[in-house]
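One structure is given here, and the rest of the page talks about it.
Just so you know, all these numbers are worked out from the coordinates, no wet-lab data involved. All of these numbers come straight from a predicted model, not from anything done at the bench. Methodologically, a virtual Cβ is constructed for each residue, glycine included, from the backbone with ideal geometry; neighbour enumeration extends over all protein chains shown.
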Amino acid sequence: MKGRLVNALRLWAVRWPHLAFLLARRFAWLLAPFNRGISEERLAAVFPELAPRALKAARRRSWGNFVQSEALSASLQHADIRPADPEILPNPGLEELRPPLILASFHIGLFPALGAVLVRLPGEVLVVHQGRFAPRPGVKLVLRGDDEWDRAAAFHHAVAGLRSGGFVFTTLDGGYRDGAYEAGAVEVPMLGGTISLARGGFALARITRTPIVPLVARRSDGGVEIVCGQPIPPADEEETMAAAAARWLGEYLSEFPGEISRRTLQILQPPPGG
Amino acid sequence: MADRAQIAATVYGILAMRWTGRFDGRRLDDQVSLGSDGLGLDSIEIVELLLDCEEEVGRDTHPEELLETGSISVGRLIDHLARL
């Protein structure tokens, strides 16, 4: 039943993106009592300190994020329809960002909402993505690609974008298929376990000597809140930058455990016995 | 037009220096692909090689033109650089 309802929501989102996005929230709320979302057992393995009540809230939150992300993603599949951009709450930190800069996100929270933020940045933005972003003014989209040649072309676009003084938006957990990343991974500690992150963003920072700013989107009552981390300085060792990114993500998820996603659980090895 | 032999020496030199020992015992000639069907460089390494070549050659080598065409062999890279 869940699958059918989510599919129906995705179909509505293609034709009526704004309505579907609003319905998604209501739909998530209605089904939340039926154990939807990431199970409390799985959440407890990552966040053993959480009380049962907090685990339940995190499960419900993960379900709401999933449903609303599905509606947003579906609305992006038709370039001729204006995507259902949610209300983005003002964030002075975002407006202070200056290029060249790597904006690096994770597939957590309301990830597809980040597309609406990129047009607000003061400079050209290049997005290396896998089809979850819609065309927008001032934003150049580059598909990550399926083989090493397409991926190399996308990576070179990103290097050129930074060298010409722009922003590059990428994900640190993107390109994960069949239990591995397409172009290499860095494994670093997080939440007492180990997380596997894609090398691309860190290699980009190392080659272009550009800082990385973590960026995520979180639902709140008045709209969507954008959270920027402190810049991670470029380093010769990708592991150094990856460790800093994982530290930031771990602290963020500890504060907002319901923002975690199934993708995060795929790439996170909890501590032994966790 | 640059001297092809000189460019070839530069490209083979970069391959040997950047990935010391990695290609030992493997065929390393103009026909071999840089990618998974040859030397096994991943997408990031391919771009790093192209950027190193650009730095050595000392001018814009338009790597995007080369990447647009898909699979790149060592010989194709040398020809591309030699044509500039």
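Given the convex hull of the Cα atoms of region B:4-83, what is a quarter of its surface area in nm²?
Working: hull surface 19.1 nm².
About 4.8 nm², averaged over all directions.
In region B:1-31, which trypsin sites (Lys or Arg not before Pro) fall in coil by DSSP and have 12 or fewer other Cβ atoms within 10 Å?
B:R26, B:R27
Just tell me the longest site-free run in chain A, where the sites are GluC sites (Glu not before Pro) in a DSSP loop having at most 14 other beta-carbon atoms within 10 Å.
The reported range is A:97-236.
Which distance in nm do the two modelled labels at A:R209 and A:S164 give, with both placed 7 Å along the Cα-to-Cβ direction?
Result for the modelled spin labels: 2.2 nm.
Between A:R247 and A:E41, how many nm apart are label points set 7 Å from Cα along the C-beta direction?
The two pseudo-label positions are separated by 3.5 nm.
Where nothing but the Cβ of Lys and Arg (+1) and of Asp and Glu (-1) is charged, how large is the charge dipole of region A:87-138 around its Cα centre, in debye to the nearest 20?
140 debye
Given that compact globular proteins tend to follow 2.2 N^0.38 Å, what is the ratio of the alpha-carbon Rg of the protein assembly as shown to that value?
Taking N as the residue count of the protein assembly as shown, the ratio is 1.08.
Order of A:D147, B:D3, B:D52 from fewest to most other C-beta atoms within 10 Å?
Working: A:D147 13, B:D3 9, B:D52 17.
Arranged by neighbour count, lowest to highest, A:D147, B:D3, B:D52 become B:D3, A:D147, B:D52.
Region A:92-269: D in µm²/s via Stokes-Einstein (Kirkwood Rh, Cα pairs, 20 °C, 1.002 mPa s)? Intermediate values should be presented prior to the final figure.
Values: Rh = 16.1 Å.
Result for D is 133 µm²/s.
Taking the convex hull of the Cα atoms, report for region A:2-75 its projected area averaged over all directions, in nm². Kindly include the intermediate steps, with their values, before the conclusion.
On the way: hull surface 18.8 nm².
So the Cα hull casts an average projection of 4.7 nm².
Cα centroid distance between region A:252-274 and region A:108-153, in Å?
Answer, in whole Å: 25.
How many angstrom lie between the C-alpha centres of region B:1-28 and region A:6-49?
53 Å
State, in angstrom, two size descriptors of region A:46-146 derived from its alpha carbons: Rg to one decimal place and Dmax to the nearest whole number.
15.9, 46
How big is the dipole moment of chain A about its Cα centre under a simple scheme where the beta carbon of each Lys and Arg is +1, that of each Asp and Glu is -1, and everything else is neutral? Debye, nearest 20, please.
Charge dipole, chain A, about its Cα centre: 1020 debye, nearest 20.
Which whole-Hz couplings ³J(HN,Hα) result when phi for each residue of region A:64-76 is put into the Karplus expression 6.51 cos²θ - 1.76 cosθ + 1.60, θ = phi - 60°, listed in order with x for Gly and Pro?
x, 4, 4, 5, 5, 5, 4, 5, 5, 4, 5, 5, 8
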